[in-house]
Structure formats: C-alpha cells, structure tokens
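Visitor: Dropping the structure in here first, questions after.
Nothing in this text is a laboratory measurement; each read-out follows from the coordinates by a stated rule. From a predicted model like this one, the values you see are computed outputs, not experimental measurements. Here the Cβ is made from the backbone with ideal geometry for all residues, glycine too, and neighbour counts use every protein chain on show.
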C-alpha cells in the first residue's frame, strides 16, 4: 500500500456512511466537531445548521429525492449502472472480495443496501487498503469508474448531497491517481 492512501481511509469511511443513510441529529452533531467540520469544508462539503426537526426532514427529503425516488433518483449501485438490474455481477464480486478477506458484509450496517452500493464499496476499500492492498487495488480498478456519472448527476443538483457527491467524486479520483 502506498502510504498516501492511508490518509484517505477516514474520509472514505465517512463518505461511505453518508451515502448509505440520510443524516440524523446524532450524525450531524458528530460532524459539527471543529476538526471534522473544517475538514469537510476544505473539500467543499458545508454542513447544514444545527439540527432542527425541519432541517432533518429537509435533508431526509433531499436524500430520498437524490437516491431513492420517486422522480429521477440516481441510485449509487454499480449493478444498476452497468447492467440495469440489482444484485448482478458487481454485487457478487464485492461479496466475494469481502468473503475472501474475512470481512462480513453487514446488511444492517449497510442499511439494507446492495453490496455494490458505492457507500459499501467505499467502506470495504477503507477496510482493505492497509490489510489487503491487492484487493483494495482491485476495487479501485473495477468498482470505482462507474460511479463518476451518477456522482456528477447528483452534484449538479446542488444541496448537501450534491456537495457530498462532488466531494466523493474528487476522493475517487485522488484514490485512483495514487493507486496507479
């Protein structure tokens, strides 16, 4: 593993988590800590104000609108973008990598997302980059490239999740550049 990649582990974990679930009050409070908040602002991700019920409802609606539907959602699922259906080849490949490396795919932690959801892929990469760089490199080569288009589509929508997707797109590009 290239040492510079280790710096991206906590960012990949955080972004993976943010892609898998809408922000709740507890997560927003965690993100508001000075160091985390500043680091996020440095990558163009500005946190909403302190949590109110109205703000959390707006963020939940934005999350659903961006990723789940009902009108023009942009699912961050590799199988959907590459094959037009859920749980196809990419999902099986991700589960196989997890199994080979002794990592259990936790459907609850993944908020019932498919294994090839970008949030799951980022979390798996973060888990593997230090312990199994060969598998982490495989993820970069075979499971990052598809994400550029959906991330850019959501980024164009603006809002918190648009900022998040722009930051994730940048993160993936940095990781790919360092993994070559």
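Visitor: Name the most mobile residue of 33, 135, 143, meaning the one with the largest mean-square fluctuation, in a Gaussian network model of the chain with Cα contacts below 10 Å.
Guide: Comparing 33, 135, 143 in a Gaussian network model of the chain, the most mobile one is 33.
Visitor: Run through all the Cα pairs of the stretch 124-180 and give the fraction in each 10 Å bin from 0, expressed as whole percent.
Guide: It works out to 25, 46, 25, 5, in whole percents.
Visitor: Defining a contact as two alpha carbons under 8 Å apart and six or more residues distant in sequence, what relative contact order in percent does the chain show?
Guide: In percent, rounded to a whole number, it is 30.
Visitor: If eta is 1.002 mPa s and T is 20 °C, what Stokes-Einstein diffusion coefficient results for the stretch 26-76, Kirkwood Rh from Cα pairs, in µm²/s?
Guide: Answer, rounded: 175 µm²/s.
Visitor: Now a separate question. By how many degrees, between 0 and 90 and to the nearest 10, does the Cα long axis of helix 89-100 differ from the longest principal axis of the chain?
Guide: 70 degrees
Visitor: Just to be sure I understand the model, the point goes 7 Å from the Cα along the line to the Cβ. What's the resulting residue 112 to residue 33 distance in nm?
Guide: Between residue 112 and residue 33, the label points sit 3.1 nm apart.
Visitor: Ranking request for peptides 15-23, 67-75, 166-174: highest mean number of other beta-carbon atoms within 10 Å first, then the rest in descending order.
Guide: 15-23, 166-174, 67-75
Visitor: How much length is gained on full extension from residue 61 to residue 130, taking 0.36 nm per residue of separation minus their Cα-Cα distance?
Guide: Gain on stretching residue 61 to residue 130: 21.2 nm.
Visitor: Now a separate question. So how long is each side of the chain along the principal axes, counting just the alpha-carbon atoms, biggest first, in Å?
Guide: 44, 36, 28
Visitor: Helix 118-131 versus the longest principal axis of the chain: what angle, 0 to 90°, nearest 10, using Cα atoms?
Guide: It is inclined by approximately 50 degrees.
Visitor: In deg cm²/dmol and to the nearest 500, what is the mean residue ellipticity at 222 nm of the chain if only DSSP H runs of at least 4 residues count, each as -39500 (n - 2.57), divided by the residue total?
Guide: So the helix-based figure for the chain works out to -19500 deg cm²/dmol.
Visitor: Compute the acute angle (0 to 90°) between the alpha-carbon long axis of helix 148-157 and the principal axis of greatest extent of the alpha-carbon atoms of the chain; round to the nearest 10°.
Guide: Relative to the chain, helix 148-157 is tipped by roughly 0 degrees.
Visitor: So what are the radius of gyration and Dmax for the Cα set of the stretch 68-145, in Å?
Guide: Answer for the stretch 68-145, Rg first and Dmax second: 12.4, 41 Å.
Visitor: Given R₀ = 30 Å, what would the calculated FRET efficiency be for residue 49 paired with residue 157, taking r from the Cβ atoms and rounding to 0.05?
Guide: So, using R0 = 30 Å, E works out to roughly 0.90.
Visitor: Also, I was wondering about something else. With the Cα gyration tensor of the stretch 48-105 in hand, convert its eigenvalues to equivalent ellipsoid semi-axes via √(5λ) and list them largest first in whole Å.
Guide: 31, 18, 6
Visitor: Over all directions, average the projected area of the Cα convex hull of the stretch 1-53 and note it in nm².
Guide: 4.2 nm²
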